[in-house]
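Asks: Have a look at the structure that comes next, please.
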Amino acid sequence: MQIAVDFATLPLRPEVFSIGPFGDYGPFSLRWYSLSYIAAIVIGWWLLLKMIKLPGSPMTADNVDSFITWATFGVILGGRLGYVIFYNPAQYLADPVQILRVWDGGMSFHGGCFGVILGCIGFGLSNGVSGLRVLDYVATVSPLGLGLGRLANFVNGELWGRPTGTDWGVIFPNAGPEPRYPSQLFEFALEGVVLFSVLTLLFWGTRARLRPGLLAGTFGIGYGLSRFIVEYYREPDRQLGFLSTGLTMGQTLTLPLILAGLILLLRALARPAPVAA
């Protein structure tokens, strides 16, 4: 009985569609990975407009429209620079022009997260609102983007898992003949579905949105623990392997995020309960 799934037999391809070629520029194609970013921004925008209708919101509809620009630049610039700095500095130092080739892939969640945090701070300062409370709202919808991104990773056949050591798993192209864990789908489930469900329940079912830092702290802890666990099933980056600590780079970068999440959560819970709104 065939237990392992050969990825090559699945009806999946990285491109949504392709047009061309156009002379020396080659074909134009829209990739699922790019579409996941676009969809996450659009759906997140729509959800934020719904969320700010509840009493006590730090933003207006005009604020949300303006903030999307801050968030988009934060995700793209932070994600790209984070990947360059943490995961492949030698390659990009040898050819810095490649840094601009975002369409070729190579984004770091941790860099994107830092970029969004800076975006929230900058937006808060320029609009006279609490950047931390804005971050709470953004953290609530962020798992949507994470989940869509992990599905796109699976469709691309990249960031695969470690060998399962059994006949069960997925045989990915360019990853050898061994069945491997579909770790992209594990991350989709934990970082996307589970984390989004928890934060949505807290936002709509409790008064967590009125405690500055509570939702952002919950996100930091939830994402950090999810990523740390899944990294035991995910193949380490080939150019880095395991660090001297025995951890992967992904696990190492989650530790400050978990710590920051704990600090935000404890500070939020230590403050007096918000008055009715």
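Asks: Quick check, is Phe242 among the aromatic types (Phe, Trp, Tyr), surrounded by fewer than 16 Cβ atoms within 10 Å (Cβ to Cβ) and either outside any helix (DSSP H, G or I) or within 17 Å of the chain's Cα centre (by Cα) (or both)?
Replies: Values: among the aromatic types (Phe, Trp, Tyr): yes; surrounded by fewer than 16 Cβ atoms within 10 Å (Cβ to Cβ): yes; either outside any helix (DSSP H, G or I) or within 17 Å of the chain's Cα centre (by Cα) (or both): yes.
Yes: the conditions hold for Phe242.
Asks: What are the pairs, 6+ residues apart or on separate chains, where a residue within the stretch 117-140 that is closer than 11 Å to Ala71 by Cβ has its Cβ under 6 Å from a residue that is in a loop (DSSP other than H, G, I, E, B)?
Replies: Partner pairs satisfying both residue conditions: Val134/Pro58.
Asks: When you scan the stretch 161-171, do you find a residue that is outside any loop (DSSP other than H, G, I, E, B), modelled with pLDDT of 95 or more and either of a type in the set (Asp, Glu) or surrounded by 22 or more Cβ atoms within 10 Å (Cβ to Cβ) (or both), even just one?
Replies: Step one: filter the stretch 161-171 for residues outside any loop (DSSP other than H, G, I, E, B), giving 161, 163, 170-171.
Going one step further and asking which of them are modelled with pLDDT of 95 or more, we end up with 161, 163, 170-171.
Next, only the ones that are either of a type in the set (Asp, Glu) or surrounded by 22 or more Cβ atoms within 10 Å (Cβ to Cβ) (or both) stay: 161, 170.
For the stretch 161-171, residues outside any loop (DSSP other than H, G, I, E, B), modelled with pLDDT of 95 or more and either of a type in the set (Asp, Glu) or surrounded by 22 or more Cβ atoms within 10 Å (Cβ to Cβ) (or both): present.
Asks: Under the condition of being assigned to a loop (DSSP other than H, G, I, E, B) and free of Cβ contacts under 8 Å to residues at least 12 places away in the same chain, which residue from the stretch 248-277 is surrounded by the fewest Cβ atoms within 10 Å (Cβ to Cβ)?
Replies: Narrowing the stretch 248-277 to residues assigned to a loop (DSSP other than H, G, I, E, B): 248, 271-277.
Now restrict to residues that are free of Cβ contacts under 8 Å to residues at least 12 places away in the same chain: 272, 275-276.
Working: Pro272: 6, Val275: 8, Ala276: 8.
Here the residue is Pro272.
Asks: Just to be sure, is Gly79 at pLDDT 80 or above and within 14 Å of the chain's Cα centre (by Cα)?
Replies: Values: at pLDDT 80 or above: no; within 14 Å of the chain's Cα centre (by Cα): yes.
Answer is no for this residue.
Asks: Being modelled with pLDDT of 95 or more and either of a type in the set (A, V, I, L, M, F, W, C) or within 14 Å of the chain's Cα centre (by Cα) (or both): is that true of Leu253 here? Please lay out each step first, then the result.
Replies: Working: modelled with pLDDT of 95 or more: no; either of a type in the set (A, V, I, L, M, F, W, C) or within 14 Å of the chain's Cα centre (by Cα) (or both): yes.
Criteria not met by Leu253.
Asks: Just checking, how many residues over the stretch 172-185 are under 25 Å from Ile43 (Cα atoms) and either β-branched (Val, Ile, Thr) or surrounded by fewer than 22 Cβ atoms within 10 Å (Cβ to Cβ) (or both)? Steps first, answer last, please.
Replies: Filtering the stretch 172-185 for residues under 25 Å from Ile43 (Cα atoms) gives 183-185.
Narrowing further to those that are either β-branched (Val, Ile, Thr) or surrounded by fewer than 22 Cβ atoms within 10 Å (Cβ to Cβ) (or both): 185.
Looking only at that region, the number is 1.
Asks: Every residue in the stretch 174-221 that is touching a residue at least 60 places away in the same chain (Cβ under 8 Å) and farther than 23 Å from Pro274 by Cα, please.
Replies: Ala175, Pro179
The values are calculated or read from the model by the stated rules, or taken from the named source; none is laboratory data. These figures come from a predicted structure and were not determined experimentally. All Cβ positions, glycine included, derive from the backbone under ideal geometry; neighbour counts span all protein chains shown.
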